[in-house]
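See below for the structure under consideration.
The values are calculated or read from the model by the stated rules, or taken from the named source; none is laboratory data. Since this is a predicted model, take the numbers as computed values, not measurements. With ideal geometry, Cβ positions are generated from the backbone for all residues, glycine too; neighbour counts draw on all protein chains shown.
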Amino acid sequence: MQSEGNTTDNRPTALIVDDEPQIVDFLQLGFEYEGFNVAVATSGPEALRAATTQRFDIIILDIMLPGFSGMEVTRQLRPLRDTAIIMLTAREEVDDRVAGLDLGADDYVTKPFAFKELMARVRAVLRRHGKNYGDVLSFHGITLDRVTRIVTRDEHPIELTPREFDLLELFLMHPRQVLTRDSILARVWGYDYNGDDNIIEVYVRHLREKLGDNPPLLLQTVRGVGYVLRG
């Protein structure tokens, strides 16, 4: 196992199982940004060993793996653990999806996928397992509900565009943490965004106006680096 989540705190835990380094890096970075402790396995036997010796809240499990497949991991794991499982595959065949679900997977995502969609599925699966991970984010009177997409400040509703919502969501997930411009662009606009990075300044200004943060006391600029949500 390449990395291991620290299970001594209260953060949710995820096991990422894939043998493609780019996919692993992409998912590990994304889940850590979402507040998860992350462990990684790159083969079927490694995944099964990790999943039976530790308890994870969610397993993101590729089907095509060295050793044996994600299907076999699920088949052997299900009698031992009720851990939530989302399967990943490059295949689109209905039979594969049905087989995975019949073996006990909770959901199924076909590559390539948007990380935002995967996280929405993760939250939905965890809710079905009785774990309402991160549905409501709050900080200094600001409340953001990821399910209803309702945002309020001091109980007054605030209308945000989808991109403004995503940007505020990112800041609320990481209060008091300085977020670099590159990390904001990657998480909100996508890793392949090639436009003008001044777009961040525009949207931060819009957020400040709608939150009544003028002068900016909550959403502060860290010159030469990025932005931070402070109180």
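Observations
- Per-region count, the stretch 37-74, residues under 23 Å from Asp102 (Cβ atoms), assigned to a helix (DSSP H, G or I) and of a type in the set (Val, Ile, Thr): 3
- If the condition is being touching a residue at least 60 places away in the same chain (Cβ under 8 Å) and either more than 21 Å from Ala47 (Cα to Cα) or assigned by TED's automatic domain parsing to the domain that holds Trp189 (or both), then the stretch 82-120 contributes only Phe115.
- Close pairs from the stretch 208-231: first loosely packed, with under 13 Cβ neighbours inside 10 Å, partner part of a helix (DSSP H, G or I), Cβ under 7 Å, at least 6 apart: Asn214/Arg208
- Contact map, the stretch 6-26: first residue under 13 Å from Ile60 (Cα atoms) and at pLDDT 95 or above, second residue of a type in the set (D, E, K, R) and surrounded by fewer than 13 Cβ atoms within 10 Å (Cβ to Cβ), Cβ cut-off under 6 Å, separation 6 or more or different chains; the map is empty.
- Whichever residue in the stretch 87-96 is of a type outside the set (Gly, Ala, Ser) and within 22 Å of the chain's Cα centre (by Cα) and, among such residues, is surrounded by the most Cβ atoms within 10 Å (Cβ to Cβ): Met87
- Which listed residue, of Ala186, Ala124, Ala120, is of a type outside the set (D, E, K, R) and in contact with a helix residue (DSSP H, G or I) (Cβ under 9 Å, 6 or more places away or on another chain): Ala186
- Single residue of Ala120, Ala105, Ala84 found to be among the small types (Gly, Ala, Ser), surrounded by 14 or more Cβ atoms within 10 Å (Cβ to Cβ), within 19 Å of the chain's Cα centre (by Cα) and farther than 16 Å from Asp18 by Cβ: Ala84
- For the stretch 59-69, the count of residues that are within 24 Å of Ser183 (Cβ to Cβ), under 15 Å from the mean Cα position of the chain (by Cα) and either at pLDDT below 95 or surrounded by fewer than 20 Cβ atoms within 10 Å (Cβ to Cβ) (or both) is zero.
- Boolean, Thr83 is out of contact with any Gly (no Cβ under 8 Å at 6 or more places or on another chain) and closer than 30 Å to Leu211 by Cβ: no
- Residues in the stretch 34-45 that are in contact with a Lys or Arg (Cβ under 7 Å, 6 or more places away or on another chain) and surrounded by fewer than 18 Cβ atoms within 10 Å (Cβ to Cβ): Gly35 alone.
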